[in-house]
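The values are calculated or read from the model by the stated rules, or taken from the named source; none is laboratory data. Computed from a prediction, not measured in an experiment: that's the story for all the values here. Glycine gets a Cβ as well: all are built from the backbone with ideal geometry, and neighbour counts include every protein chain shown.
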Amino acid sequence: MKLAFLISLLLICQMPSMLMAQARTPLHVEAALDLQVVEPLLDKFRQAHPDIDLQYEDNSTLKVDEQAREAKPAPDVVISSAMPWQMARVNEGLAQRLDSEAARKWPKWAKWRDEVFGFTFEPIVTVYRLELARHMMPPSTHADLHTLLKTHQDLLKGRVTTYSPSGSGVGYTLFQQDARYSPRFWDLVAAMGAADVSLENNTRDMLKGLTEGTYWVGYNLLGSYAMHWARSHPDIIVQIPQDYSLVMMRMAFIHRDAPHPAAARTFMNFLLSEAGQKTLAGSTPLFSVLPDVIGPYTAQRLRDQVGDQLYPIPINASLLAFVDPMRRDAFMKRWNREIKILSP
Amino acid sequence: MIVVDGTLKRRLGAWLLAAVGVLGTFLLVEAYTSAQRAADRAFDSQLEAASLTIAEAIQWQDGQPVVEIPAAAFQILATDQQERVFYTLLDTGGREVTGNLDGVVTDALREAAHTEPVWRFVDYHGTPIRLYGRELKSAGWDAVEPVQIWVGHTLSGRDALARDLFVRALTRFLAMVILTGLLMWLAIRTALRPVRRLRQLIRQRDADDISPLNAQVPGELYDMAETLNALFERQREGRDALLRFTADASHQLKTPLAGLQSTSELALQSTRPDDWRQALQTVHDSSARTSRLAAQLLSLARLRHADEGSPGRIDLAAVLRDTVMEWAERDDAQHHDLGLAPLPDSPADIQGEPWSLREMIGNLIDNALRYTPAGSEITLSLHRETDAVTLTIEDNGPGVSRDLLDRLHQPFERGGRQDTEGSGLGLAIVDSIAHRHQATLTVYSTPGHGLRVCVRFPLLTEEARP
């Protein structure tokens, strides 16, 4: 009896996919999000929607932004961690509104105009090699890192890495946000400059350098990638800063000129759905935003572990200031000045 | 016949509806525009604040304006409605120093902002936005050239606020209408209460109760109550007149009957046939008078209570001539000089009934014969004017004293004379007939020089000839 029921259920589930097998709707997702990290989520989506032929393009934030602005035909869904740029595109009117139950229920602080949604909750972390701990007390706050750079200048010279603000949108955003929170950030920049900091364009390269032993300590890495990496590299330690820790959110929107808007809406609704967020929390290190989702990687669990010092980069109009060309120029000028200030 | 023509409630309701309709349209149009204005004012001030925040951040370096756009400015621009935000900083030549408003700020707009701050609704790639621009005379060490700051945002917040304000105004207005309707209904009920009270008061009266109404009424109903009272008053007068007439008539009939009785009693006590003959003669004369009196009473009652007949066109001259001819042959007229003045050439057509006109002329002649001594001259004449014709009868008898003139037309009035055989009904009948013909009766008299009675009839015009 039970078996017969299950079989019929299976048949019913299979039927649409059999019918749609000939005419699957293509869906082009342009994303700055590592495929291997997000793969379980995409698999789950393909499983739930066999009628949609999902094409996932993983690119750098700058490339994704360019695709969103210029590609013809436009991508259906744009995902990027370069929050200010995503915001600027939405402000330009490149996004279309998502009017669905999931969108309405989405936390207010993680969406803007119901057009763009922050669907991950990735802490920004400091990563160091186990080796570092043998020579000194590992840094647990921004101030600690500054002190270490000052006191162990000779030992750490050439072994410090961080994002390049000019080469990476994420890095630039994080430094801007750091500078907003504390003026002492510039002391840290000066100290890193004095330690001949190596500027990388993505977290993966920094993690590789750390594993290879080129770097001992990395500042402002994406926690999601680092934690994923650390699971297979035991000599890498991930530290969430204890004074304050920035949280970056991947922002996703449906392109205004999406060739397949219905499929795009289906994909977005899946990202924001409980099922999608559960997969995010259980099978990827991207952390779920929803407070009632349970899994190893959730914003709630992170808050329980780290406390109140999580500072998500707010998804609001203030992000637009970071992409203002003049403000960017001013910031880069100051960066270039500060990073050389302690060099002989 | 009383026809129900709608109800007061419905009429007042219709007026209320009309008032609400007209006033409501005005009010709602006003509410809509003022809601728009209020929303614009509220959001315009946000634009102004954002513009100020940006202005604060402008600095001059190497002769160039440099601004580190404060993130707060965007927060203010976006408002909590999450508007899309637009801004630009233009240097003196109109080149964009920084911003995202490419091409929206036209030369005309820049020119306008040169003199005073500019507020505009403009179109940004198909999206309507509100734009605010002003010129800033910034001071620097090496440049004092003005720059322009333009900020703008989309309109969803304004629309939402305006809609909200308008819906609130609409709700208030509807509540007011419902309340007004309710109050109006109550007011109508209260206002109509005196009418109901009056109706009850009238309904409770006995059929023969004609005393004046004793009721408290509002000013508007005073006229109606007063009219009712006047009607009751007339009814009472009519009834009194009827009673008086009946009493008088009984009295008049009683006198000759009493005479008959005493004459016949005296005759019965006598044994002489001469006395019987004398008595029989008296009884005959008296019963003739009584029968004439009864005929006159009947005639008067008939005149007063008969329905309006259907009068036709009639030539008064012909009627007059016939009647005078008839009377001149009677025995009663043999001791008087009864004459008819020459009649007018053209016919004197009036609206009337031949029988009643003959009755009237007869009564006038009879009166003259009775109240003048033998040998008196009695002349009838007809005088035609443009729109009236006057029938006149004159005698050269003793006349009537001035203070009696007004009472002459009342029944049983004999002009202060007890020496005649008249009943005193003649002029009363004449008066009634004149009244029926819309004619006016006038009596002139100079004591010692006779009496003149004029009856003035309205002439029928030529056009009214059937």
Condition check: among the small types (Gly, Ala, Ser), under 60 Å from the mean Cα position of the chain (by Cα) and away from chain A (no Cβ under 14 Å). Does B:Ala162 satisfy that? yes
Quickly run through the range B:337-366 and pick out the residues that are under 15 Å from B:Leu459 (Cα atoms) and touching a residue at least 40 places away in the same chain (Cβ under 8 Å). B:Pro344, B:Ala348, B:Asp349, B:Ile350, B:Gln351, B:Gly352, B:Glu353, B:Leu357
Of all residues in the range B:174-225 being of a type in the set (Gly, Ala, Ser) and over 28 Å from the mean Cα position of the chain (by Cα), which is surrounded by the most Cβ atoms within 10 Å (Cβ to Cβ)? B:Ala175
Does A:Ser283 satisfy the condition of being surrounded by fewer than 19 Cβ atoms within 10 Å (Cβ to Cβ), among the small types (Gly, Ala, Ser), in contact (Cβ under 8 Å) with a residue 60 or more places away in the chain and over 25 Å from A:Met87 (Cα atoms)? yes
Scan the range B:98-119 and give yes if some residue there is away from chain A (no Cβ under 14 Å) and within 60 Å of the chain's Cα centre (by Cα), otherwise no. yes
Can you name the number of the only condition in (1) within 30 Å of B:Leu28 (Cβ to Cβ); (2) in a strand (DSSP E or B) that B:Arg134 fails? (1)
Which residues, taken from the range B:80-97, are touching a Phe, Trp or Tyr at 6+ places or on another chain (Cβ under 8 Å), within 30 Å of A:Asp114 (Cα to Cα) and more than 9 Å from chain A (Cβ to nearest Cβ)? B:Thr88
Every residue from the range B:49-87 that is more than 24 Å from A:Pro314 (Cβ to Cβ) and either in contact with a Ser or Thr (Cβ under 7 Å, 6 or more places away or on another chain) or not aliphatic (A, V, I, L, M) (or both): B:Ile58, B:Gln59, B:Trp60, B:Gln61, B:Asp62, B:Gly63, B:Gln64, B:Pro65
Having 3 or more residues that are farther than 26 Å from A:Ala281 by Cβ is the bar; report the helices (runs of 4 or more DSSP H) wholly within the range A:64-153 that clear it. A:83-92, A:130-135, A:142-151
Subset of the range B:360-388, residues farther than 14 Å from B:Gly450 by Cβ and buried (at least 23 other Cβ atoms within 10 Å of the Cβ), comes to B:Met360, B:Ile361, B:Ile365
Count of the range B:226-245 residues which are modelled with pLDDT of 85 or more and surrounded by 12 or more Cβ atoms within 10 Å (Cβ to Cβ): 8
Test: residue in the range B:385-401 that is modelled with pLDDT under 85, in a helix (DSSP H, G or I) and either under 47 Å from the mean Cα position of the chain (by Cα) or assigned by TED's automatic domain parsing to the domain that holds B:Leu253 (or both): no
Kindly evaluate B:Glu68 against the criterion of being among the charged types (D, E, K, R), at pLDDT below 90, surrounded by 17 or more Cβ atoms within 10 Å (Cβ to Cβ) and assigned by TED's automatic domain parsing to the domain that holds B:Leu131. yes
Report yes if some residue within the range B:56-63 is more than 8 Å from chain A (Cβ to nearest Cβ), over 22 Å from A:Arg89 (Cβ atoms), out of contact with any Lys or Arg (no Cβ under 8 Å at 6 or more places or on another chain) and part of a helix (DSSP H, G or I); otherwise report no. yes
What helices (runs of 4 or more DSSP H) lie completely within the range A:259-344 and have 1 or more residues being away from every other protein chain (no Cβ under 14 Å) and over 21 Å from A:Lys111 (Cβ atoms)? A:274-283, A:299-306, A:325-340
State yes or no: is B:Ile76 facing another protein chain (nearest Cβ under 9 Å), over 60 Å from the mean Cα position of the chain (by Cα), of a type outside the set (Gly, Ala, Ser) and under 28 Å from B:Ala162 (Cβ atoms)? yes
